Amino acid sequence: MKIQDIQAIQSLLASPKKIAIIPHRGPDGDAMGSTLGLYHFLIKNNHQATVIAPNDFPNFLAWLPGSETVKIFEKETEICTKILQEAEIIFTLDFNAFHRTGEMEHTLNKLNATFIMIDHHQKPDDYAAYTYSDTSYGSTCEMVYNFINFLNKKEDIDKTIATCIYTGILTDSGSFRFPGTTGNTHRIIAELIDLGVENTEIPVLLFDNSSFSRLQLLGRALQNMKIFEEHKTSYMTLTQEELDSFHYVKGDTEGIVNYGLSIKDIVFTAIFIENKDEGIIKISFRSQGGFDVNQFARDHFNGGGHSNAAGGRSEVSMEETVQKFEDLVKKLTL
Ligand code: 5GP
Ligand code: MN
């Protein structure tokens with residue numbers, strides 16, 4: 001961050017402020033960890049802070065400290081709109097364009113608050129007065145740690161804040177495997193563990209928390225997998241009917257896409273998940289190595305993300321969507 005920006009934010013935060021903190025729609029571990037970590041830090045510094053999520057977070061994140069205080073815009077639109085209108089400062093975390101908040105976009109567009117962005121995605125929009133954007137980081141949580149450090153407030157990081165930050169670093173780094181993971185990431189993790197973070201408990205809460213039907217849904221996705229060996233690509237599908245028959249709840253499809261890369265020599269994978277309510281197919285892309293799925297998602301599926309993990313959407317049927325994907329894949333040399 002620019003030194004002038006840090007100084008300006010320090011003076012902004014020198015007196016108690018009304019602050020809203022927003023993650024992206026469909027908040028994941030990094031979005032919830034970063035917003036709640038920052039929330040606890042701001043509360044500790046006498047601000048009046050509220051995390052407002054565009055829609056609900058998955059159940060496997062409900063144990064995060066402070067999650068019970070999170071307001072859901074989709075459920076409590078009036079109250080949330082009022083909090084947003086009254087906020088003097090609004091932090092937007094783990095996204096960099098208002099449309100990533102879904103319907104909330106229209107409300108955000110009309111606000112006069114001072115926006116502060118902390119994010120690690122490509123191509124940030126320029127709505128924020130202060131933008132801390134850096135795609136070299138594996139997680140927004142790591143950047144929130146830095147941000148608190150920039151403000152000279154590292155001593156404020158207690159077990160609660162550390163737990164939130166740890167969670168986002170863990171989930172967004174694929175358990176410390178993805179390329180954004182650096183020596184610095186591990187040094188921060190070491191500090192967080194020294195602060196008391198339950199580093200053997202948290203992965204259990206996050207990853208060993210499945211219902212039996214969730215595991216059966218994973219089984220179905222794996223059965224549906226198709227492989228294009230000569231293009232080093234795989235993909236899976238889940239229709240609404242399949243989701244329903246396995247009693248799908250929010251969060252159940254999280255992480256399934258990664259199985260597509262676990263096959264030897266496969267470097268590009270996708271999962272297509274039908275959402276009949278929204279009338280779309282939600283797509284997740286993952287790659288290993290040099291193939292840029294962010295660009296692929298931007299070019300062909302109205303999405304974006306990072307070079308090895310991105311998402312997108314399609315508004316045509318599952319069959320047409322998958323056909324389009326197969327046609328594109330057959331032109332790829334990976
Ligand atoms: P996931 O596949 O886990 O939903 O998303 C992977 C990454 O791509 C995340 O960093 C997420 O923020 C980004 N992403 C997912 N869906 C979209 C989308 O529709 N548009 C954009 N710009 N990014 C997305
Ligand atoms: Mn993230």
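Assorted remarks:
- Restricting segment 54-154 to trypsin sites (Lys or Arg not before Pro) that sit in a DSSP loop and have at most 12 other Cβ atoms within 10 Å of their own Cβ leaves Lys75, Lys110.
- The residues of segment 95-154 present an accessible area of 44 Å² per residue when probed at 1.4 Å with all protein chains retained.
- For the chain, the share of accessible area belonging to carbon and sulfur comes to 47 percent (1.4 Å probe, ligands and nucleic acids excluded).
- GNM top mover of Thr107, Thr233, Thr253 - the chain, alpha-carbon springs below 10 Å: Thr107
- Under the criterion of Cα pairs below 8 Å and six or more residues apart, the relative contact order for segment 3-206 equals 23 percent.
- Karplus-based coupling profile of segment 121-130, in residue order and whole Hz: 8, 7, 6, x, 6, 10, 7, 8, 5, 10, with θ = phi - 60° in 6.51 cos²θ - 1.76 cosθ + 1.60 and x standing for Gly or Pro.
- Helical content of the chain, expressed as a calculated mean residue ellipticity at 222 nm, amounts to -11000 deg cm²/dmol (DSSP H runs of 4 or more residues, -39,500 (n - 2.57) each, divided by residue number, nearest 500).
- The shape of segment 43-111 comes out oblate: with a ≥ b ≥ c from the C-alpha gyration tensor, a/c is at least 1.5 while a/b does not beat b/c.
- Taking the C-alpha atoms only, the angle from helix 140-150 to the longest principal axis of the chain is near 20 degrees.
- Figure note: Thr81, Thr131 ranked by solvent-accessible area, largest first, 1.4 Å probe, ligands and nucleic acids not counted: Thr131, Thr81.
- Between Ser11 and Ile193, the FRET efficiency from the beta-carbon distance, with R0 = 41 Å, is close to 0.80.
- Overall form of segment 1-148 per C-alpha gyration tensor (a/c, 1.5; a/b vs b/c): rounded
- Counting 0.36 nm for each residue step from Glu68 to Asp208 and taking away their Cα separation leaves a gain of 48.2 nm.
- Counting only protein heavy atoms and using a 1.4 Å probe, the accessible area of Asp208 comes to about 110 Å².
- Tilt relative to the chain, helix 3-12 - C-alpha long axis, 0 to 90 degrees, to 10: 60
- Volume per residue for the chain equals 132 cubic angstrom (convex hull of Cα atoms).
- Under the combined filter of DSSP loop state and at most 14 neighbouring Cβ atoms within 10 Å, segment 1-55 retains these trypsin sites (Lys or Arg not before Pro): Lys2.
The values are calculated or read from the model by the stated rules, or taken from the named source; none is laboratory data. Being a predicted model, the structure only gives us computed values, none of them experimental. Please note: Cβ atoms are built from the backbone with ideal geometry, for glycine as well, and neighbour counts cover all protein chains shown. Ligands, DNA and RNA are stripped out before the accessible areas are found, and what is left, the full protein with its side chains, is counted by its heavy atoms. Shrake-Rupley method; radii C 1.70, N 1.55, O 1.52, S 1.80 Å.
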